[in-house]
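So the structure is just underneath, and the comments pick up after that.
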């Protein structure tokens, strides 16, 4: 059975004090080397993770710069007859529409040129002129309007509560939620709504039943 004297190993009982100090220093040196190696490996892994996180962000910002966002927002303001729209929602809708169909970017450019060269007093006038110039622009107009009013682009929900379809009736109808207008709010008389008198600006579209 091995014995120890003063917490020193048996092999060091008959060696000089200098040898004992050297042995202790060597043990500390090996431990420090191991700790330094572990620290370097950890720092390296963190650096790789940070680089991986930053790369997609840089790519996303680069992709956003390539999108016709400003032209998309100008078209959106004209088509919705609104002076102000949420820029963040517009960025997401534009990205979704272009992602779903790469040709939409050039079509947005062309529609913006039509908008700037003409003098359109309303969304109806502009939509009618767009379809007259190119039948394909009708689908672009539909996608822009669907994005803003339903909050959907490229088949994905981009925004829900801030979709414009809820803004139109926000004084009477709440978005689907468990926290609505208080107890028995549905028993109150809804506000009067004027009968619409506008006429369709574009030709009828094929009725599509969406899956539920």
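All of the numbers you see were taken from the coordinates with simple rules; none came from a lab. Just so you know, these numbers come straight off a predicted model, no measurement behind them. All Cβ positions, glycine included, derive from the backbone under ideal geometry; neighbour counts span all protein chains shown.
Descriptive notes on the structure:
- Potential extension, residue 146-residue 129 segment - 0.36 nm per residue separation minus Cα distance: 4.2 nm
- Highest mean first, the peptides 150-159, 82-91 sorted by other C-beta atoms within 10 Å per residue fall in the order 150-159, 82-91.
- Within segment 132-157, backbone nitrogen closer than 15 Å to the virtual label 7 Å beyond the Cα of residue 168 toward Cβ: 142-152
- Segment residue 109-residue 85, length gained on full extension (0.36 nm per residue, minus Cα span): 6.7 nm
- Set the Cα radius of gyration of segment 67-179 against 2.2 N^0.38 Å, with N its number of residues, and you get 1.06.
- Mean separation of Cα contacts under 8 Å, 6 or more apart, over the residue count of segment 67-179: relative contact order %: 27 percent
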